[in-house]
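The structure appears right after this line, and notes come after that.
The values are calculated or read from the model by the stated rules, or taken from the named source; none is laboratory data. As the structure is a computational prediction, the values presented were derived from the model and not from experiment. Glycine also receives a Cβ, built like all others from the backbone with ideal geometry; neighbour counts cover every protein chain displayed. To get the accessible areas, we keep the full protein, side chains included, count just its heavy atoms, and leave off ligands, DNA and RNA. Shrake-Rupley method; radii C 1.70, N 1.55, O 1.52, S 1.80 Å.
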Amino acid sequence: MMKIVLGKQEWNVDYDSPVGKSGGFGDVFIGSGDVGGTVCEVAVKRLKLDVDSAAHREMDIASYIQSKSYQNIVPVYDVGLDDATQRYFVVMPLCDSSLQDAIDRGYNSIDTLAVVQSVLNGLVELSEVVHRDLKPDNILLHEGVWKITDFGIARFTQKATSLRTLKKALTPAYAAPEQYRYERASNSTDIYALGCIIYALEEGRPPFLDCLDIEEAHLNKAPDKLNSELPKTIIALVNTMLSKDQSSRPSAKRCMDVIQDCINQSASDPIAEMLSSADLHVSEEEAEKAAEEARKKASAERKSRIRKSAEDSLEQLKQNLSDTILSKAATAKNLKGDIYIGNARIKFSSRINDYDSWLASDFKNPRSINQKDWEFCCAIDMSVVGCTGFEWATTLFYASFKGESYRWYEANFFAPFSLDMNGPVSLSINDTNFHLAFTNVMGVYQFCFGPRAIDVEDEADFQKRWAALLARAAKGELYAPRTLPVRFNEDYSY
C-alpha cells in the first residue's frame with residue numbers, strides 16, 4: 001500500500017489491485033481510508049494529466065461533485081494533488097459492478113426502465129455538465145442504485161473544449177453524430193448515448209456495432225428496428241433519442257415524463273394503445289427520413305471536398321508540367337496557362353466540367369458492365385497542336401476506380417469505323433460515347449490511349465509523354481498515329 005494525501009485527508013492505494021481496464025485519462029486502483037468515521041475500501045483514480053487538458057476538466061468536475069449530494073451520480077470523497085508523487089487523484093466509493101457487467105451476464109434479466117430512469121435522473125441532477133462518454137461501463141451499481149461516473153471527457157455546458165482532440169477519446173459505439181462531425185456537444189449528446197444504451201439493454205449490443213463503418217452508420221444510417229417487448233411508446237422514444245439532429249432529441253426531463261406516464265398507463269386503455277402505435281410508426285418514419293437527409297448532406301459535403309481536391313490537384317499537375325518543360329526548353333513559355341514552344345502549344349479547356357450523374361443526389365453512376373468499377377467526378381480537355389494543324393486531344397478525368405481514392409486519369413478516343421480513324425480525340429464526360437468506351441458494348445468510339453493514371457507516382461510518365469508531343473509539334477512532326485490504339489515506345493515515339 002502507498003499513501004497519498006489529497007485535499008481532505010490521507011488515503012492508502014494498492015497499485016497491484018487495479019479496478020477495470022486502464023483508461024485514456026486515468027487508472028483506477030483499490031484503496032482504503034476513513035469514510036464517515038469508518039475505514040473502508042475505496043476506488044482511487046490516478047489521473048493522466050499529460051493528455052491535453054482533459055484530466056484537468058475531470059478534476060474540476062470531481063471537485064464540483066464532491067461539494068454536493070446526488071442520488072444517481074457516484075459520489076466523490078476526495079480530490080487533489082498528492083505532493084509526494086506530484087500526481088492528481090480522485091477518490092470514490094468502490095462500486096459493486098457496472099451496467100456492462102450486467103449486460104454481459106444476461107441482458108434479458110435487466111429492468112431496462114428502472115436503469116434508464118436512474119440514468120435520466122442523474123443527467124437531470126447534473127444538467128450543468130455534459131458527460132460526452134456515457135456508456136454501460138460508466139454506469140455503476142452503488143448501494144443498490146445505478147449511478148453515473150467517469151467524467152474523463154465531460155465538460156461544464158458553458159465551457160468550450162478542443163473538439164478534434166476529444167474525438168480520439170470517444171467510445172465509437174455510443175458516440176453521437178455531432179461528435180463525429182466535430183460539432184459542439186450538448187446535453188442531447190448524452191441523450192443519444194442513452195438511446196444506444198437502451199438499445200444495448202434490449203438487444204445485448206448497441207446499434208451499429210455490426211456495421212463495417214460504425215462512424216458512417218452513426219452519421220447516416222437509421223438503426224435497425226428495436227426487437228423489444230418494451231411498450232411501443234418507449235420504443236418510439238428511443239427512436240427520437242437516436243435522432244441524427246441534436247435539436248430533434250427529447251430532453252432528459254421529457255424522457256422521464258414519457259417513461260413515467262407509460263408506467264402509470266392502464267394496459268386496458270385502447271386509446272392509449274392506438275396513440276402509442278401511431279407514435280411508434282411516426283418515429284420510425286422520421287428516423288428513416290432523418291437518416292436519408294443525413295446521407296444527402298454527407299454526400300453533398302463529400303462531393304464538395306472531392307471537387308475542391310480535383311481543382312487543386314489539377315492546378316498542381318498543370319504547374320508541374322509547365323515547370324518541367326520550361327526548365328528543359330529555353331524557348332518555352334507559359335501564357336495564361338497554356339505552354340508554348342514556337343507555334344506549338346499545349347492547351348487546356350477553360351473550365352472543368354462536372355459529370356452530371358455524379359451531381360445527382362444518389363451519388364451513383366449508371367451501372368453497366370465494366371463501368372460499374374468507375375465513379376466519375378469531373379473532366380477537362382487537353383490537347384497539343386503544331387504548325388501541321390494536326391491536334392492530339394485527350395480527356396483528363398477525375399475518378400475513383402474500384403473504390404480507391406480519387407485521382408486524375410488520361411484517356412483519348414478514336415472511331416474505328418471512320419475512314420480517317422478520327423483519333424485521338426477527347427470526349428465530354430457527359431457524352432454517352434465516353435461512358436460506352438468503359439463497357440464491353442461496341443460503341444462509336446473506343447479507347448485510343450488509356451485510361452492511365454497521371455498523378456502521384458505516374459506523373460513523371462505524364463510529363464514526359466506530353467513534353468515529347470509538344471517537341472514533335474514544335475518541329476512539325478506531330479502526325480496521326482499509324483496504328484490504334486496508341487502505344488508509346490521508351491522514347492515516347494508512337
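Some points to look at:
- For the criterion of being at negative phi, outside any helix (DSSP H, G or I) and at pLDDT 90 or above, Asn334 passes.
- Unmet criterion (only one of (1) modelled with pLDDT of 90 or more; (2) not in a helix (DSSP H, G or I)) for Phe462: (2)
- Condition met for Arg452 (open to solvent by 50 Å² or more (accessible area, probe 1.4 Å), under 30 Å from Thr331 (Cβ atoms) and assigned to a strand (DSSP E or B)): yes
- Residue count for region 439-459 under the criterion of being modelled with pLDDT under 90 and not charged (D, E, K, R): the result is 7.
- Test for Leu212: is it at pLDDT below 90, in a helix (DSSP H, G or I), more than 22 Å from Glu125 (Cβ to Cβ) and open to solvent by 50 Å² or more (accessible area, probe 1.4 Å): no
- A count restricted to region 145-192 and to residues that are within 20 Å of Val124 (Cβ to Cβ), surrounded by fewer than 19 Cβ atoms within 10 Å (Cβ to Cβ) and at pLDDT 65 or above stands at 2.
- For region 116-133, the tally of residues that are open to solvent by less than 10 Å² (accessible area, probe 1.4 Å) and either touching a Gly at 6+ places or on another chain (Cβ under 7 Å) or at pLDDT 95 or above (or both) stands at 4.
- Restricting attention to region 70-100, the residues that are among the acidic types (Asp, Glu) and open to solvent by 20 Å² or more (accessible area, probe 1.4 Å) total 2.
- For region 180-226, a tally of residues being of a type in the set (Gly, Ala, Ser) and in contact with a His (Cβ under 6 Å, 6 or more places away or on another chain) returns 0.
- Count of region 376-406 residues which are open to solvent by 40 Å² or more (accessible area, probe 1.4 Å), of a type outside the set (A, V, I, L, M, F, W, C) and modelled with pLDDT under 95: 7
- Residues (over 29 Å from Ser304 (Cα atoms) and open to solvent by 30 Å² or more (accessible area, probe 1.4 Å)) located in region 407-424: Pro416, Phe417, Ser418, Leu419, Asp420, Met421, Asn422
- Region 93-113, subset polar (S, T, N, Q) and not in a helix (DSSP H, G or I), residue nearest to the chain's Cα centre (by Cα): Ser98
- Residue in region 198-205 that is under 22 Å from Ala252 (Cα atoms), outside any loop (DSSP other than H, G, I, E, B), open to solvent by 10 Å² or more (accessible area, probe 1.4 Å) and in contact with a strand residue (DSSP E or B) (Cβ under 7 Å, 6 or more places away or on another chain) present: no
- Restricting attention to region 197-217, the residues being within 12 Å of Pro177 (Cβ to Cβ) and either touching a Lys or Arg at 6+ places or on another chain (Cβ under 8 Å) or of a type in the set (Phe, Trp, Tyr) (or both) number 1.
- Search result, residues across region 15-62 that are at pLDDT 85 or above, open to solvent by 40 Å² or more (accessible area, probe 1.4 Å) and not hydrophobic (A, V, I, L, M, F, W, C): Tyr15, Asp16, Pro18, Asp34, Gly36, Gly37, Thr38, Glu41, Arg46
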